[in-house]
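Just so it is clear, none of the values below were taken in a lab; they were calculated from the coordinates. None of the values given here were measured: they were computed from a predicted structure. Don't worry about glycine lacking a Cβ; one is built from the backbone with ideal geometry, like all the others, and counts go over all protein chains shown.
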Amino acid sequence: MKLSRRTFVAASAALVASRPLHAKTEADVIVIGAGLSGLYAARLLADEGVKVVMVEGRGRLGGRLESYRHLEGAPEAGGDSILGGYGRVRDLADQLGLTVLNHRPRGRLSKTEIALGGSVIPRDQWPDHPLNYMPTESKAAFPGRRFFESVVAANNPLEAFESWADPESKKYDRSVHAFLREQGWSPDTINLNYNTNIGRGTSAHDCSILTWFFRIGWDKVQTDIENVALKVVGGNQTIPERIAVELPGDVHLNKVVSAIHQDAAGVNVICEDGSTFRAKRVINSTPLPPLRWVNFDPLLPAEKAAAINMLPSMKINKVFLTASEPFWDDDGFGPGMWTDTPMGQVAVLRQLENSTAVTGLICRSRGIMAEKLDALGPKAAQALVISEYEKLRPAAKGKLKAVGYKSWAKDRFAGGTWMEWHPGQVHQFQPHLASAAGRIHFCGEHTAQSNRGMEAAAESAERCAFEVLDVL
Amino acid sequence: METDRRTALKLGSVAAAATLATGKAKAQANPDVIVIGAGLSGLYSAMLLAEAGATVQVIEGRDRLGGRLFSARNVEGNPEWGGDSILGGYGRMQDVSANVGIELVDHQSRRDLSPEAHKDPTNTELALQGKLIPRGDWPTHPLNKMPDGAKNRFPGRGFFQAVIGENNPLEAFEDWLDADSAQYDRSIYEVFKEIGWSDEAIDLNYNTNVQYGTSARDISSLMWFFTQAWFKLQGELDRVAFKAPGGNQSIPEAMAASLPGEVHLGKEVIGIRSEPGQAEVHCADGSVYKAKRVICSMPIPTMRWLKFDPLLPALKAQAIATVPVQKITKIILVPKKPFWEDDGYSPAMWTDTDCGEVRALREGEDANRITCLMAWGRGYLADKLDSYSDEEAMAQVIADYERIRPAAKGQLEAAGIKSWQSDPFAAGDWAVWSPGTVTTMVKALIDPADRIHFCGEHTATSNRGMEGAMESGERAAFEVLDLI
């Protein structure tokens, strides 16, 4: 990536001389957070001639788009796939001249093994296996998220997924557990299909089924538009980086915001290093957990503050592995596995543009298993994941190496991946997430109405940019 | 020790195979009871069972005894990373300590001491938005958001507990679990609003250096009505704050030594299976323990990682999956010189910065000398400190302290950090009751399931802290004695 001279100067100045800047920088708008939503909002404002200054806590751009470029094919530690209906993100990638590659067919090249209770269960033994707690009519189905989602889809009461936040949907804002019990699932069936490698939340008890009704309706639209899972060649992080290059204003890296103080004429954004930025308006794209550490004066409105404090974030840890040789040829099982261990779900990476060769394995550990890895710390977590893999697959012994690790919950600029909803929280807090507080406006995927993931970030940026343009 | 086919399938054939190689318990007969966890509650239940003639095997995941009693023995006076003070009403703690030959020392007078410059009973300076606010300036300070009539009060725990005390509807704190009390199982935020506090007053007094929960919204007022009255009783019984010489961890160590058998350390439990006639406890190293009954004293978050066969009853599983625990990260700072004599302020500070609440400890032979400072990060601040590396977190806390107190520049050395969340055998500190959970989840956590009985402070009904652990160990021991 090439930084434009202005961006580069601002970034390196912050890196080299992070001494307090007591002189206030004046701008029309300060955008906090150089992830997809913040940068896209800045781009839209700059296009309208607004003077924008960006501040970012990290030493890099991209937020929850983070490509591990030290690994072959730059696999994603964060946002992974650009789906068919991601109109804004696909358009952006186009505008920025980026090449995308559809990974969906590659994902289907190897089958995933089921590993429960300490062993790989050959597929032909699964239907009659004692650990098979699938409902009677679905004994042969693969357990987990896809099966769970098929049941939700068949019983989705929302006619249009966008109606999830409407008052009439409030009756569905209850736990996944309650919903699944009504479908006749036993606690064992729920434990197997929902709690293992959990898609959202930490258990079926603490996730609202309404969010799934929304998500599954939305997912279907994505594939109906075009059944693709696109990635930017060179890594998805290239999108925010390119937006930053094209921005006329400065992007200040390593600026950790500690306080936001409003007065009658403007807003001061105060950073940990003592520097202060001032503008007429602020766009804050910070995810919820780090927002809890910011001192707001005056305080944010009570319901908004409660939403920021109480909405949970999804916990996902990723361990990247490489194999010194294709040990899976020796034991005849696929290298990808769906397990009930802290290793979680192992997927096969095929990241190269011009080849479908296996470039590595990625272990995704979610919910309580991510908490376990976090309690152990990065080093012990990676060692545990390798030992769990080797226990299940003796053929892998000594052939795996951990080459990358990411805990989103322990990333202090994220505090988790996407925002989650406990049962009952959707209608209590949803209206307060996107609302402005005085001169502070909010974007980020947690403030989106009609999308999830990267497209939600982009949607929220658009809404926020127009909101600010109206009042400048 | 052999494993049958079903167990191998459910809990891991590798584990079963590894069992053959170990076999510490192989030669001897199965005990009556396996106690999981060598903290206070587990050890006390084991002592009571052994006294009653039952055979007991205690297993512990860590390589040390004591659980959430953990003394910083590398620091002068052994300050506590975990359970700190044995209060007046801690009858079981005082009794058991005496029985295992530990002479407790009362530290209350040391806690009451102030540096010469300050005679205020809280011994603590106030620092908000990164600046120290001299006490004389506080009543009229722009950041003073105390409720009307309380402008001259020090914010935080002491103040809001007094207010809760004045508004406590429970006649006896033990009533908190009665059906009539369910009406109070709502957020403490609602209570504060009803008595006329502003959101700013709640934010200052409750959410800053939060003691239970992460904010006033996510904590049950019923839990506070119980806890406040219980705390008050402690002081009324006898105004003491006992500590064990050598650190409180000496107590569980002496308790373990008093047991007839040896505690097996390094036994991380991964699953518990109940079947007719016996229960099995499976460990990560492949060993399997069998007994008639199991007492599980593991903290709530660590139980989420266990495989239970059969699954625990629905409500119990829900309680374990959802009841939160307090987040606490502590940092010990050792002063090179008494820098507070230079600026005339107390070294103890109550702040809204990354150093959280800083207490001045006097743990040495000279009861008047401050031996170290302990910075407490709780709730969201603990989350923040946990997102740094240990070195970064300690540096950050020192930097924030020095920013408020230039006289401390270069005078503080970090002696260690303890994040209870980052401890895989605790994964947090005490259980926290969010609104609505007291009435629905406390009993569910206590109830036995098949052959498994549960203890630990999260299952106590009449006490908190160390005494809560002891109470629960006693209850679990009697529960099991009735059945074996």
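Considering all projection directions equally, how large on average is the shadow of the alpha-carbon convex hull of segment B:32-151, in square nanometres?
For the Cα atoms of segment B:32-151, the hull's average projected area reads 12.5 nm².
Using the C-alpha atoms of segment A:101-192, what convex hull volume per residue, in cubic angstrom, is computed?
Per-residue hull volume (Cα only) is 150 Å³.
So which chymotrypsin sites (Phe, Trp or Tyr not before Pro) in segment B:252-345 end up in coil per DSSP with only 13 or fewer other C-beta atoms within 10 Å?
Nothing satisfies the criteria.
Return a whole-number percent for the relative contact order of chain A, with Cα pairs under 8 Å and 6 or more residues apart as the contact set.
Result for chain A is 25 percent.
Send over the semi-axes of segment B:119-160's equivalent ellipsoid, whole angstrom and largest first, taken as the square roots of 5 times the C-alpha gyration tensor eigenvalues.
Taking √(5λ) for each eigenvalue gives 14, 14, 10 Å, largest first.
Output the relative contact order of segment B:401-484, whole-number percent, from Cα pairs under 8 angstrom with separation of 6+ residues.
Taking the mean separation of contacting Cα pairs over the length of segment B:401-484, I get 15 percent.
Which angle between 0 and 90 degrees, to the nearest 10, do you get for helix B:157-166 versus the longest principal axis of chain B when only C-alpha atoms count?
Rounded to the nearest ten degrees, it is 80.
What 222 nm value per residue comes from the helices of chain A, counting each DSSP H run with n ≥ 4 as -39,500 (n - 2.57) and dividing by all residues, nearest 500 deg cm²/dmol?
Here the helix-only value at 222 nm equals -9500 deg cm²/dmol.
In segment A:281-420, how does Rg compare with the Kirkwood Rh, expressed as the Rg/Rh ratio over alpha carbon atoms?
1.12
With every atom except the alpha carbons ignored, what do you get for Rg and Dmax of segment A:390-472, in angstroms?
When restricted to the Cα atoms of segment A:390-472, Rg and Dmax are 19.5, 64 Å.
Please report the equivalent ellipsoid semi-axes of segment A:348-412, computed as sqrt(5 x eigenvalue) of the Cα gyration tensor, largest first, in whole Å.
23, 17, 9
Quick check: the angle from helix B:40-51's long axis to the longest principal axis of chain B, C-alpha only, nearest 10 degrees?
40 degrees
Measuring from centroid to centroid over Cα atoms, what is the spacing of segment B:146-197 and segment A:266-333 in Å?
So the separation of the two Cα centres works out to 33 Å.
Pop the C-beta distance of B:LEU483 and B:ALA182 into the FRET formula with R0 = 35 Å and round what comes out to the nearest 0.05.
Given R0 = 35 Å and the Cβ-Cβ separation, E is 0.70.
Note down the net charge around A:MET310, summing +1 for each Lys or Arg and -1 for each Asp or Glu among other residues with Cβ under 9 Å from its Cβ.
0
Treat segment B:144-230 as a sphere of radius equal to its Kirkwood radius over Cα pairs and apply Stokes-Einstein at 25 °C in a medium of 0.890 mPa s; give the translational diffusion coefficient in µm²/s, rounded to a whole number.
Answer from the Stokes-Einstein relation: 188 µm²/s.
Using alpha-carbon pairs under 8 Å, 6+ residues apart, how would you state the relative contact order of segment B:120-196 in percent?
Contact order relative to length: 15 percent.
Would you mind checking the tilt of helix B:437-446 against the longest principal axis of the Cα atoms of chain B, expressed as 0 to 90 degrees and rounded to 10?
With rounding to tens, the tilt is 40 degrees.
Using the Kirkwood formula on the Cα atoms of segment A:295-350, what hydrodynamic radius do you get, in angstrom to one decimal?
For segment A:295-350, inverting the mean 1/r across all distinct Cα pairs yields 15.7 Å.
Loop only by DSSP, 12 or fewer other Cβ within 10 Å of the Cβ. Give me the GluC sites (Glu not before Pro) in segment B:160-249 that pass, ordered by residue number.
When the GluC sites (Glu not before Pro) of segment B:160-249 are filtered for loop state and at most 12 Cβ neighbours within 10 Å, B:GLU171 remain.
Where does the charge balance sit around A:PHE327 when Lys and Arg score +1, Asp and Glu -1, over other residues with C-beta under 11 Å from its C-beta?
Summing Lys and Arg as +1 and Asp and Glu as -1 gives -2.
Going through the DSSP H helices of chain A, which span 20 Å or more along their own axis at the Cα atoms while scoring at least -1.0 as a mean Kyte-Doolittle hydropathy?
Counting only whole DSSP H runs, the qualifying helices are A:209-225, A:378-392, A:453-471.
With a cap of 14 neighbouring Cβ atoms within 10 Å, and only residues DSSP puts in a loop, list the GluC sites (Glu not before Pro) found in segment A:158-234.
A:GLU159, A:GLU226
Hey, if you drop one equal point scatterer on each alpha-carbon of segment A:20-144 and run the Debye formula without solvent, what base-10 log of I(q)/I(0) do you get at q = 0.21 Å⁻¹?
Summing over Cα pairs of segment A:20-144 leads to -1.25.
Sort B:374-385, B:437-448 by the packing proxy (mean of other Cβ within 10 Å over each peptide's residues), most packed first.
In descending order of packing, they fall as B:374-385, B:437-448.
From the gyration tensor of the Cα coordinates in the protein assembly as shown, what semi-axes in whole Å does the equivalent ellipsoid have, largest first, with each one equal to sqrt(5λ)?
Each semi-axis is the square root of five times an eigenvalue, giving 42, 40, 26 Å.
Treating only the Cα positions of chain A as identical point scatterers, give the base-10 log of I(q)/I(0) from the Debye formula at each q in 0.08, 0.09, 0.11, 0.13 Å⁻¹.
-0.49, -0.62, -0.93, -1.27
What is the Cα radius of gyration of segment B:249-313 over 2.2 N^0.38 Å, N being its residue count?
Relative to the rule-of-thumb radius for its length, segment B:249-313 sits at 1.24.
Would you pull out the residues with amide H under 5 Å of B:ALA241's amide H, same chain only if 5 or more places away, H placed 1.01 Å from N?
Correct list: B:HIS107, B:GLN108.
Going by C-beta contacts inside 10 Å, put A:LYS231, B:LYS145 in order with the fewest on the left.
Least to most surrounded, the residues fall as B:LYS145, A:LYS231.
Residues with beta-carbon under 10 Å from that of B:THR461, excluding B:THR461: net charge, scoring Lys, Arg +1 and Asp, Glu -1?
0
Share of Cα-Cα pairs in segment B:349-484 beyond 19 Å, in percent?
64 percent
What translational diffusion coefficient, to the nearest whole µm²/s, does segment A:158-283 have by Stokes-Einstein, given a Kirkwood radius computed over alpha-carbon pairs, a temperature of 20 °C and 1.002 mPa s viscosity?
110 µm²/s
When the helix-only estimate is applied to chain B (DSSP H runs of n ≥ 4, each -39,500 (n - 2.57), divided by the residue count), what is the mean residue ellipticity at 222 nm, nearest 500 deg cm²/dmol?
Result for chain B: -9000 deg cm²/dmol, rounded to the nearest 500.
Do the alpha carbons of any pairs in A:LYS304/A:LYS410; A:LYS231/B:LYS384; A:LYS315/B:LYS316 sit beyond 27 Å of each other, and which pairs?
Too far apart for the 27 Å limit: A:LYS231/B:LYS384.
Can you check how the C-alpha radius of gyration of segment B:283-342 compares to 2.2 N^0.38 Å, as a plain ratio?
So segment B:283-342 has a normalised radius of gyration of 1.98.
Counting only other chains, and only Cβ atoms inside 10 Å, what mean value do you get across the residues of A:406-416?
Going residue by residue through A:406-416 and averaging, the value is 2.
Can you quote the Å³ per residue value for the convex hull of the Cα atoms in chain B, rounded to an integer?
144 Å³
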